[in-house]
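Just so it is clear, none of the values below were taken in a lab; they were calculated from the coordinates. Here the structure is a predicted model, which means the values were calculated and not measured. We place every Cβ from the backbone using ideal geometry, glycine too, and count neighbours over all the protein chains shown.
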Amino acid sequence: MARVNLCDVDFNNPSRFAELLGPNSALPIPVFKSPGDVRKETRERSQTIHETYNTLHAIVTRHEETIQKRWVKKSGQQRRKVLLECWPGMSAVHRPDFEAFRKETMEQRDQGTKYRESFMWPYINQEDLSKPKSLLLLLNARARHHPSHFAAADITAIRFGVVTNAIVRVFLNGYVMILNDAMDPDKYGELIAWDDHPDAFEWMHTQKQFLPGDGLIVLEIQERILRFLLDCSKAILHDIPEDKLTSGTYSVRPEPHLKTEVEANGFESLAVMAAETPYRLPARIDFKRMELLLEAKVSAAKDHIWALREDPGYFADRIVDIREHRQEMLKDIMGDIHPALRPGAGAIVGARVIANIVIEAYSELEIFTELHRQAKELRLLHDKHATRLSPIEDLPEDFLDRLLTFRHYLRQAAKGPLGALRQNVVASPPMRRFFVRQQPPSATTSQIVVMSRPGNTLTKVEGHLNWLLSTLWEDGRMLFLADMPLVLDELERLLQTEPRAADLISSRIAEIISNASIISRCLGQINQYQPWARGFDSAEVDKLEGIQQGFAVWAKPLSYMVEGIRDQDFVRIAHLGDTSNRRFFYPTEKHRTKENVEALRGAERNLGEFWRAVDEIVDFNCEHLQGTVTRALLSEKRMLQCTPEWVDSGSVTEKKRQQRNAASGGVESLFKPLSTLYFSEETAGQPKVPITAKAKTKTKGESKETSLPPVSHEHVDNRAEPTPIRVDSRALKVFRTLFFNPGVTSSPGEVSWQDFIYAMTSTGLFSAEKLYGSAWQFQRLDTESQTRIQFHQPHPRGKIPFTMARRMGRRLTRAFGWIGGMFVLRENEDASQG
């Protein structure tokens, strides 16, 4: 084909443009319309939209309470009947565009999809609208707010249909259509030539207004939705004559209250909020909420590092979990185990697990700390400019720069959990039977090729789950088409509604999904910052190089860390992290006897020995972790809890220790530094504080004792008297398990997750929110800072084992200073019930 000079092409000539695309173009030939035809269609659609909107508004402002009561009382079958009467042939399932996409090939869509309606109105379906709230939310939003409020959201909602070529838009060059902030019916959908207004081209270029093809799609979407809602309102109010619905017979009434998720279930749910978003008025970004979400994740990342160093049981569980999710666990296509697992292969897998656990913990802290810093900066900038923001004006330059930078960092951060899904899902115990490993050349390579097991037949649910997960971990064209927030929303919905899908997700995979969802939720918020978000891609073009350079500077210490933590360096210390020989047996649930105390202290000593060896290797390879948040954490002067030496229960010393322990709510009174290596460096030249604990390090079979820097008990003994928190017997039982004290509670037990949520919220100090995956977030209500803390729901059982409950109690102690003695039974309850 001859080369074409684009400068000579007349893009206003439809036949020349079609010729330029050529017969073999991968893009469908657009539909061409003249300015006159577009104006005629927009006038007709705009007139219909406003007539329908005005009628609907008049009905809803008079009858919304009645509509709500009647709709909620209907059964699911009755609701579906109304829906199908008002929208014949309505799609049956949630996200019908996803289902339609999987039914057709790309070539079939390019020739004209059979499922255009599924792509045009993906949120109009029986599964979602037959639920009690969805239709009521949609009716409230569309009837009480002018259609212009929804224009940007409506074109964004069909992105999947547009990028997959299922929706082909009209082409008209040289014009822009006015929809945003156009409240006048005569101006809504107005077509303006670039030459007729000085700002017209800029409005189109920055997407503050609409290309004619996009505008026509928006008008078509809104016309159909408003007509549907009007028909639904009349059907629900069938006993009132149409001519009376908007007459003076019925007066305008205050807007009724629709019960919130908290009122209905006692907690918020991110999945429910995401599911309801398409039916609500498009919201502005809640920058404070985004900042707090990331702040809670940073706190959780720090607590994870603390727990790995403080709690031998937690450490051992993590080692086993990571090992079980490594791809070496997969058998190959011939049914043989990986060479690295054969006798005589050495500690290769153990070294890889250690490198995995260290890199994962440290990099997660680094990444989420930076995202939180940027979110806080964004919130402050937004507060600074909030009063001057207008939908028809550009964002302030400094604010736009920070938004685009944050978006870029989020996309880069998402590669972490998406890569973790690729590595872990196929090897996870519930999913392992679906995959096999191709034979590697030797035991020393960590490069493993995985494929689907030949002959496997997946059920519909298994196939859908596999498609969603692989779309995420492949991070390719399909994820670009569908968009990460949308795929994660669909994944969470599947896990919530299909028990079989939830059974295939291990606790580790649920945790990875939670991490991905936090990043995705922030990305989704940025992408919904309309109308400006539609212009972010074009605005990024001129700024991308600078953003990438800034990212490279920030990421340099992290890249040094990741490159320096090499699994081959951990081979010689892998035996120190071996969990198969009871090195980390940690019977915290048992009463304190001499044997149990020695077991506890031995496990803590072994854990300390392991981390000292890791710290030395990492410090040598990673230039002392200079410039990292991890270094700052490991240098903190806060201390890890450990078990005091056994003292006979009849001695004076033991009685004093028990009294002190009871006063502090069961918290052990002996402490050690988080990292002896970095702690000693940071405190060099400073006065030492007295510690009695000694750690044993074996060298060539001989035992040698190494004294640790002493630490004072003053911060425990001199703690201010805690304010009592009065709870009922159900909550008190939970807190006595979280802050287990053998002197108060005879024997610890497991706690149901629902009881834990109840206990936290019943204090009146916290609200609960279900995030994605296994994560839950608890927001402090009694402080201006709105501090939040995240916990992971046990999976697949909804029970918290005592060992996990104890770790959760320690996190609450670190975060809020809570101790067991703070919780007392309310006076109007029988204390014996606790």
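Some points to look at:
- Theoretical FRET efficiency, 1/(1+(r/R0)^6), r = Cβ-Cβ of Lys637 and Val824, R0 25 Å, to 0.05: 0.20
- In the range 34-246, a dipole from Cβ-located charges (positive for Lys and Arg, negative for Asp and Glu) runs towards its positive end, and of Cys86, Ser148, Phe160 it is Cys86 whose Cα lies farthest in that direction.
- Under the Debye formula (equal points on every Cα, no solvent term), log10 I(q)/I(0) of the range 34-246 at q = 0.09, 0.16 Å⁻¹: -0.39, -1.11
- Electrostatic dipole magnitude of the range 34-246 [Cβ: Lys, Arg +1; Asp, Glu -1; Cα centre; debye, to 20]: 1220 debye
- Hits among aspartates and glutamates - C-alpha to C-alpha of Lys384 under 18 Å, sequence gap 8 or more where chains match: Asp286, Glu291, Glu393, Asp394, Glu397, Asp398, Asp401
- A crude spin-label estimate for the pair Glu377 and Ala58, with each label 7 Å from Cα along the Cβ direction, gives 5.4 nm.
- Gain on full extension, evaluated as 0.36 nm per residue between Glu220 and Ser390 minus their Cα-Cα distance, stands at 58.6 nm.
- Directionally averaged projected area (convex hull, Cα atoms, the range 312-423), nm²: 11.2 nm²
- Listed from fewest to most Cβ neighbours within 10 Å, the set Cys232, Cys622, Cys522 follows the order Cys622, Cys232, Cys522.
- When each of Lys415/Lys556; Lys302/Lys376; Lys133/Lys297; Lys288/Lys770; Lys415/Lys799 is checked by Cα-Cα distance, pairs over 21 Å: Lys133/Lys297; Lys415/Lys799
- Between the amide H of Ala92 and those of Gln126, distances stay under 5 Å, these residues lying 5 or more places away or on another chain, with hydrogens modeled in the peptide plane.
- Spin-label zone in the range 160-177 - amide nitrogen under 15 Å from a point set 7 Å from the Cα of Ser34 along the C-beta vector: 172-173
- Shape category assigned to the range 507-563 from the gyration tensor of Cα positions, a/c cut at 1.5: oblate
- Coordinate range along principal axes, alpha carbons of the range 424-565, Å, largest first: 50, 42, 25
- Theoretical FRET efficiency, 1/(1+(r/R0)^6), r = Cβ-Cβ of Ser752 and Asp503, R0 22 Å, to 0.05: 0.70
- Couplings 3J(HN,Hα) for the range 238-251, derived from phi with the Karplus relation 6.51 cos²θ - 1.76 cosθ + 1.60 (θ = phi - 60°), are 4, 7, 9, x, 4, 6, 9, 4, 10, 7, x, 4, 10, 8 Hz, where x marks Gly and Pro.
- Separation of alpha-carbon centers, the range 547-598 and the range 37-95, rounded to whole Å: 57 Å
- The radius of gyration of the Cα set in the range 100-201, together with its Dmax, comes out at 17.0, 50 angstrom.
- Residues Lys733, Lys131, Lys259 arranged by fewest to most Cβ contacts within 10 Å: Lys259, Lys131, Lys733
- Extreme residue, positive dipole direction of the range 367-513, given options Ala502, Phe480, Ile513 (C-beta unit charges): Ala502
- Beyond 18 Å, the tail of the calculated P(r) for the range 153-312 holds 77 percent of the Cα pairs.
- For the range 56-65, 3J(HN,Hα) computed residue by residue from phi via the Karplus equation (6.51, -1.76, 1.60; θ = phi - 60°) reads 4, 4, 5, 5, 5, 5, 9, 10, 4, 4 Hz, glycine and proline entered as x.
- The share of C-alpha pairs in the range 395-438 whose separation exceeds 16 Å stands at 58 percent.
- Taking the empirical scaling 2.2 N^0.38 Å for compact globular proteins as reference, the range 371-475 has a Cα radius of gyration ratio of 1.69.
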